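Please treat every number below as a calculation from the coordinates, not as lab data. Given the structure is predicted, the values throughout are model-derived calculations rather than measurements. Glycine also receives a Cβ, built like all others from the backbone with ideal geometry; neighbour counts cover every protein chain displayed.
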Amino acid sequence: MKLHLTQQAGQNLITAYGEGYLMVNQQRFERSLIVLPDKLIADWPPHSLDDLTEAHYAFLATLTPEIVLLGTGKQLHFPHPRLSAVLAQARIGFEVMDTFAAARTYNILMGEGRRVAAALLL
């Protein structure tokens, strides 16, 4: 699916997605990644929800977002709450959804000028 939003210079916009891929600023990615308005972390190590550890969430906290959107792949799956406790302690919002919903939500929040991080499992 192609997404059409107005992009401001220097900001990362999720421009399309489909089975096994996601595009940021027209660049295709086929591995898990983290997208922030001003930063892109390609080839994020976890490939599935089972791969996520507390260290992954601690790393997300160091990015200092207002909110983290975790895209869990094709289907919505909730991680164990102890894993994301570091985000709550840092007063960072946390939402879990399927990866494509997280991509759409990221674009909306980024467009509103929010400091959002989308951690997307592919």
For Leu40, Leu87, ascending order of other Cβ atoms within 10 Å (fewest first) is Leu40, Leu87
When Tyr17, Tyr106 are arranged by how many other beta-carbons sit within 10 Å of their Cβ, fewest first, they go Tyr17, Tyr106
Nearest 10, in degrees from 0 to 90: the angle of helix 99-111 to the longest Cα principal axis of the chain is 70
Calculating volume of the Cα convex hull per residue in Å³ from this structure picks out, from (i) 96; (ii) 87; (iii) 111, entry (ii)
Computed about the Cα centre, the charge dipole of the range 66-121 from +1 Lys/Arg and -1 Asp/Glu charges at the Cβ has a magnitude in debye, to the nearest 20, of 80
Quick calc, the chain, dipole around Cα centre from Cβ unit charges on Lys, Arg (+) and Asp, Glu (-), nearest 20 debye, gives 220
Listing Val96, Val24, Val35 by rising number of other beta-carbon atoms within 10 angstrom, fewest first, gives Val96, Val24, Val35
Place a point 7 Å from the Cα of Arg115 in the direction of its beta carbon; the residues of the range 37-74 whose amide N falls under 15 Å from it are 37-39, 60-69
